[in-house]
Amino acid sequence: MWAMNRFRSRFALLLAAGVSGSVCSMVARDVAAQSTQPGSGSQPAVVIDPLGEDRGFGRPVLDPRVEHAFAMRAQFGLTSPRFVRARYFERTGEMPVVVRFVRAPSEASLRAFESRGVRWKRERRPLISGAYIAAVSEEGARALAADRSVGRVECDLFPLGPRPLDRSATETRVEAARRAIMVRDGVELDGRGVVIGDIDTAIALYHPAFFNADAGVFEWRDVNGNGVLDLGTDGVDVDRNGTIEPGEVLKQQSATMFDGRLQRYMPSTAFHPSMDWLYADSNGNGTREFGTMFSEDTPGYGEPIFVADDANGNGTLEPSERLLRLGTSKVRAINGREEFLRGDATVPLVSYGSVGGPEAFDQELHATGVAGILIGGVPGVSRLLGLAPRAELVLNDYYGQGDNRDAGLVNGMQWVIDRGANVIVTEFAPYAGVTLDGSSEGEQLLDAFSDAGGVPVSPAGNLATGHKHIHVNLRAGDNPIALTTDNVFTGANYAALSIHYRASTRRARITIGIPGMAPVQLPESAPSGMTLAPGIFASVENSVSPRGTRMIHMAIFSRGALPETGWTASVNMDAGAAVEADLYASDNKADWAGGFSFVDNNVERTICYPSTSDKTISVAAYVLHQEITFGGSAMAGALARYSSRGPRIDGDPGIEIGAPDNPMSTVSAYPGRVPYASYMPFGGTSGAGPHVAAAAALLRQINPSAAPGVIRAALLDTARRDNNARADNVTEFGRGKLDVSAALGLVATSGTAPTITLRAPTRMGPMREARLELSAMDDGPANELVARWDLDYDGTPDTPWQPVGPQSVRSGATGFVNVRVEVRDGQGYYAATSTRIQVVPLAEVPMEDQLFDPATVEMMRGCRCATPGAHARGAGVWGATLLALGALLARRRRA
């Protein structure tokens, strides 16, 4: 629940972009305080002793990380721990770099570097920034550093940072549950078959993270035959006609990441298979086209777009690895200006469009971030993977319902239920002018949904430290209320006070002092309103809820901007004992903090609507990333400072569970500022809520016929306690922190993925059989290792999980044989690899590749048996083998 216009520190995620508010916000005061808190957001440095070797790189134009990384590789054979592990660099010694020249280099000078250990990428064409990208050996780095035409050489290894959504999967034990369920039941835990309803804003529907990779598996074509993916040259045969046409040339769609230190979005300079996408530039304009100009049956709602299956995880797309085309939207339906349905001929989902203009970012930000945590990404491919990536989403877009005659809060909740939602997450949290004791129609609808077997989830709100709430004892007579405003209130034409107390028979009146006017004691009830001064109006709503809570809502309206400073207020109580009351202040400029607010602040009893429902799971937020660039408001694992607390106004504890608050998630575009297909930190309790909703979806997947209350109980009864989530602070963390593995009755384990080796021929004859040799090493028992083969690499396994061992594959008449295999250990960790075998005339198969042909092996065995004294590794065997191969080849040539 972040509204970006509320950040008022130098770390405001989009302040530099001039972006204004969304529906929900992290508390501005917390962020500002965090920026001055000693040591906040920092982690202890990892100290590595100097290697003590001058590696001779010379001039300071070289990024010191280049020298550091080469030295670490030379000393340990590994990537420096300050980077994401780069196995290609470890294996080859080629480091990705960005080279900036003092002046534009000539083609000849670029070519001259190539003989000295520099391999230019992009066919020696510069980036749009004017720099060049290359892969360099140590010799190449020295050559660049020594050349006076080079102004800067910067390391482009992917820096190691907190791993955002996969970090959420680890923190909530979803990752452990995925492994354990696969081992126990052979089931992929991904939310498939479950529908999640989101009551939220508009969404960036066409973000590529919101499509399933179900539109086919494609081989990328190495057009120039260099064995490396060259964007702008190599292609994908989308129409499968055997040729790469101009509209099938591959381009990169970068997953642009927000850099909190630089306060801007940074596209990657190289292709990262686990992060970026590839697309076929059908019209050749250099931009991926998508949206309403395409038909409902167009995969990915735009030009063909793909994720890369980097099977061996080395960060490079190899010729044997394939592309998965994005196809079906994960969004089933949206209720916005009208009802948009996936697959519908009348109002198809593809026609939903975008808000457009600068407003798009503001109006689409929230639901886009929520959806990223719920359903974003492709399992087995995406590093930023939602917790239930194969669930479906139905979205009630209350931002877009201005012209929808069926618009309404409760109607929207019912709509998502009617559209098949098994889980609902309510991504809105008002606190003034609403019922807060569980008795409203909206709260009751959520209770009924729970009773029918659904799982409602509600973020508790971000109100704790925003000076928008106070808890007071109202004594008989006049009780002054100290108000204040700040610059957030500038331009506001609405301000409100709400008073809630349980002594429903007691009566109270509000006196309001508007700057420049004498204080006015308002009637006990004036819902129709009254004129206080030319252009300034007031209303008072006074009622008792079905559960006996007295609610007084006062609102001040103005035709123009309200005065900014000098507001006063008091509450006059009738005769009797003092009454405990909760007061809330709000306006139409500030969300969670500042604006029209109180001088004092109380963090307790700040739980917001509709998390006040009896049976919704009310979710508090704790800090996942303490780094200030993520907007961390406290140390990792601690309750987020802004997270609303219980108890509920009637004394119920209110908060039921805690979940992480600020992972990196999908973000809507902002023309000229935020590129399409971007990511940024998304937090507040709005970031925590979808973690719990996704967890409920996973439990529903495993137990689709669960009785009402079973999934809710499983999540709450197994929540984990720690030094932050203690049993004595139930109004902060509820039952504890979300633990999906425990909720499923699984034991979280740790370990490492197997190391696998696949031996295969590079070429084989037509209509022949080859024997593939698979071996694996693991930190667990070898007898628990199992393998699964996709013998034609079409995305569908051709074998069940079986013991690791050899596998036969048969070729066709021409072309290639593509095989993918994955190995899983007893803890559920898995690794994969692939191979590509060219089918050639039998006479052209190299002698060493004949060893993979069972017929040849059988012939060799016959030769061995006929050779006196032969043994498995003896010279006699290999002599016989060579003779046999020679005879076989001679026979085939004669044939």
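The values are calculated or read from the model by the stated rules, or taken from the named source; none is laboratory data. Model, not experiment: these values are computed from the prediction. Please note: Cβ atoms are built from the backbone with ideal geometry, for glycine as well, and neighbour counts cover all protein chains shown. The accessibility values were calculated without ligands, DNA or RNA, using every heavy atom of the protein model including side chains. Shrake-Rupley method; radii C 1.70, N 1.55, O 1.52, S 1.80 Å.
Being surrounded by fewer than 24 Cβ atoms within 10 Å (Cβ to Cβ), over 36 Å from the mean Cα position of the chain (by Cα) and either at pLDDT below 95 or under 24 Å from SER558 (Cβ atoms) (or both) is the filter here, so list the residues in the stretch 465-493 that pass it.
PRO480, ILE481, ALA482, LEU483, THR484, ASN493
Quickly run through the stretch 262-319 and pick out the residues that are under 30 Å from VAL97 (Cβ atoms) and outside any loop (DSSP other than H, G, I, E, B).
Just the residues of the stretch 262-319 that are under 30 Å from VAL97 (Cβ atoms), to begin with: 262-281, 284-288, 305-319.
Scanning the stretch 262-319 gives ARG264, TYR265, MET266, TRP277, LEU278, TYR279, ALA280, ILE305, PHE306, VAL307, ALA308.
Quick check, is GLU245 free of Cβ contacts under 8 Å to residues at least 12 places away in the same chain and buried (at least 21 other Cβ atoms within 10 Å of the Cβ)?
no
Out of the stretch 719-770, which residues are crowded, with 22+ Cβ neighbours inside 10 Å, of a type outside the set (Phe, Trp, Tyr) and assigned to a helix (DSSP H, G or I)?
Of everything in the stretch 719-770, those that are crowded, with 22+ Cβ neighbours inside 10 Å, of a type outside the set (Phe, Trp, Tyr) and assigned to a helix (DSSP H, G or I) turn out to be GLU732, VAL740, SER741, ALA743.
Does GLU289 fit the bill of being farther than 25 Å from SER834 by Cβ, in contact with a Pro (Cβ under 8 Å, 6 or more places away or on another chain) and open to solvent by 10 Å² or more (accessible area, probe 1.4 Å)? Walk me through how you get there before you give the answer.
Numbers: farther than 25 Å from SER834 by Cβ: yes; in contact with a Pro (Cβ under 8 Å, 6 or more places away or on another chain): no; open to solvent by 10 Å² or more (accessible area, probe 1.4 Å): yes.
No; evaluated as a whole, the condition is false for this residue.
Run THR316 past the list (1) among the hydroxyl-bearing types (Ser, Thr, Tyr); (2) modelled with pLDDT under 95; (3) open to solvent by 50 Å² or more (accessible area, probe 1.4 Å) and report the number of the one that doesn't hold.
(3)
Restricting to the stretch 517-538, give me the number of residues that are open to solvent by less than 60 Å² (accessible area, probe 1.4 Å) and on the phi < 0 side of the Ramachandran plot.
11
Filter the helices (runs of 4 or more DSSP H) completely within the stretch 117-186 down to those with at least 3 residues that are at pLDDT below 85 and not charged (D, E, K, R).
164-171, 174-185
Does the stretch 771-792 hold any residues that are under 23 Å from ARG179 (Cα atoms) and open to solvent by less than 70 Å² (accessible area, probe 1.4 Å), and which are they?
Hits for the stretch 771-792 are LEU774, SER775, ALA776, ASP778, GLY780, PRO781, LEU785, VAL786, ALA787, ARG788, TRP789, ASP790.
If a residue must be closer than 23 Å to LEU532 by Cβ, at pLDDT 95 or above and of a type in the set (Val, Ile, Thr), how many such residues does the stretch 562-598 contain?
2
For the stretch 204-216, state whether one or more residues are free of Cβ contacts under 8 Å to residues at least 40 places away in the same chain and within 27 Å of ASN818 (Cα to Cα).
no
On the given criteria, is ALA561 over 17 Å from ARG645 (Cα atoms), touching a residue at least 60 places away in the same chain (Cβ under 8 Å) and surrounded by fewer than 18 Cβ atoms within 10 Å (Cβ to Cβ)?
yes
Taking the conditions exactly as written (open to solvent by 20 Å² or more (accessible area, probe 1.4 Å), of a type in the set (Lys, Arg), under 28 Å from PHE428 (Cα atoms) and not in a strand (DSSP E or B)), does ARG506 satisfy them or not?
It is false that ARG506 is open to solvent by 20 Å² or more (accessible area, probe 1.4 Å), of a type in the set (Lys, Arg), under 28 Å from PHE428 (Cα atoms) and not in a strand (DSSP E or B).
Which of the residues belonging to the stretch 443-464 are open to solvent by less than 30 Å² (accessible area, probe 1.4 Å), at negative phi and part of a loop (DSSP other than H, G, I, E, B)?
Selection gives GLY454, ALA460, ASN462, LEU463, ALA464.
Here's a check for you: in the stretch 76-103, which residue that is open to solvent by 80 Å² or more (accessible area, probe 1.4 Å) and within 15 Å of ASP63 (Cβ to Cβ) is modelled with the lowest pLDDT?
Going through the qualifying residues, I end up with ARG82.
Identify all residues within the stretch 594-621 that are more than 25 Å from GLY709 (Cβ to Cβ), open to solvent by less than 30 Å² (accessible area, probe 1.4 Å) and in contact with an Asp or Glu (Cβ under 8 Å, 6 or more places away or on another chain); write none if there are none. Show your work before the answer.
Initially, the stretch 594-621 is screened for residues more than 25 Å from GLY709 (Cβ to Cβ), giving 594-606.
Then drop every residue that is not open to solvent by less than 30 Å² (accessible area, probe 1.4 Å), which leaves 594-598, 606.
The answer is GLY594, GLY595, PHE596, SER597.
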